[in-house]
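The values are calculated or read from the model by the stated rules, or taken from the named source; none is laboratory data. None of the values given here were measured: they were computed from a predicted structure. Virtual Cβ from ideal backbone geometry, glycine too; neighbours counted across all protein chains shown.
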Amino acid sequence: MPRTRVWRQGVLADEDFPIEKVSDYLDQDDCVVWADLCVPDRDDLHQMADELGLDPLAVEDALEHHERPKVDRYPTHKFLTTYALSYGADGELRPAKVSAFLLPRALVTVRREEDFDPQPVVRAWDSAPELLQFGAPALLYGLLDVVVDGHLDVIQQLDDRVEEVEDSLFNEQPRSMDVQRSTYALRRSMAGVRKVVLPMRDVVEALTRHHDPAAPDELSERFRDLADHVVRANEWVDSLREVVTAIVETGLSLADARLNQIVRKLSAWAAIIAVPTAVTGFYGQNVPYPGFGQEHGFVASTVVTVLLAGGAWAGFKRKGWL
């Protein structure tokens, strides 16, 4: 069911009223209306668009699943597309598309997925009633502030995951497959976050640039603060991408180093084993030699084998090959 609210001079006057009453409230100059449609039917959305005079192209963009975050300006309203992010316990990034139509005295939000809960937005509006007297732009600011804060929360979770991968990278007995799998999942999540966060800078800058110059300084300051948060999110994502790239390169370098160490150890043991093989092979000749068929010949071969193998082991040990 659609969620609706109306404020009269910054004070909540009614909520959860039928969607058909939106236009009635908009006929009153002192009212500001919010309507939220979750996974709306195409016909219902077109009906509201006809009632409020929304552009058909913007309505089609709101119904699409894979639109890039953007702001479009139309003669009677602005259309905004953004994505809320959440990071599941399974390590999967879950984007939820949120579209918004900003009219002079109304904000209509359209959610294509149920993953985004508008209740935090409602709480943000209720916690700052002094802003609601500034009309629909204040509603839009509250929505974007919650969305951007969600971006920062997801980036923080990714940062924690990066630290965990860094710690496991230098374990005494690393599980390389687990590290590679975690690193791949992080790179994929990071790409998804960047795809959402990067265009948000243009979105917020466009809203700030085209903001009404007669708007209150307090609301303009809030939008500038929001722009700072978006810049922080972009810089944080870029730094994490560099760290993940360094983890990948370091993991490959460590894998090569461990492989070289294993090959070196195997080569050293092969050389040690080759010593008794050579000695016993020499004494196993079917020709007479000093000590052939005598007890002292066996003792001599044993002593030679132990001395040479022990010397090889000591030499490799001193060089750190064993």
Open item on the list: So the check is Cβ under 6 Å with 6+ separation or different chains; which pairs have a first residue in the stretch 190-205 that's closer than 23 Å to residue 247 by Cα and a second one that's part of a helix (DSSP H, G or I) and charged (D, E, K, R)?
Closed with: 190/241
Open item on the list: Based on this model, can you work out whether residue 67 counts as charged (D, E, K, R), in contact with a helix residue (DSSP H, G or I) (Cβ under 6 Å, 6 or more places away or on another chain) and assigned to a helix (DSSP H, G or I)?
Closed with: no
Open item on the list: Looking at the stretch 116-128, can you tell me whether even one residue there is over 23 Å from residue 8 (Cβ atoms), assigned to a helix (DSSP H, G or I) and modelled with pLDDT of 90 or more?
Closed with: yes
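Kindly indicate whether any position in the stretch 34-57 is of a type in the set (Phe, Trp, Tyr), part of a strand (DSSP E or B) and either crowded, with 16+ Cβ neighbours inside 10 Å or touching a strand residue (DSSP E or B) at 6+ places or on another chain (Cβ under 9 Å) (or both).
For the stretch 34-57, residues of a type in the set (Phe, Trp, Tyr), part of a strand (DSSP E or B) and either crowded, with 16+ Cβ neighbours inside 10 Å or touching a strand residue (DSSP E or B) at 6+ places or on another chain (Cβ under 9 Å) (or both): present.
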TODO: Just name the residue that is farthest from residue 147 (Cα to Cα) out of those in the stretch 106-127 that are surrounded by 17 or more Cβ atoms within 10 Å (Cβ to Cβ) and over 27 Å from the mean Cα position of the chain (by Cα).
DONE: 106
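Filter the stretch 42-99 down to the residues that are acidic (Asp, Glu) and under 29 Å from the mean Cα position of the chain (by Cα), then identify the one that is nearest to residue 190 (Cα to Cα).
92
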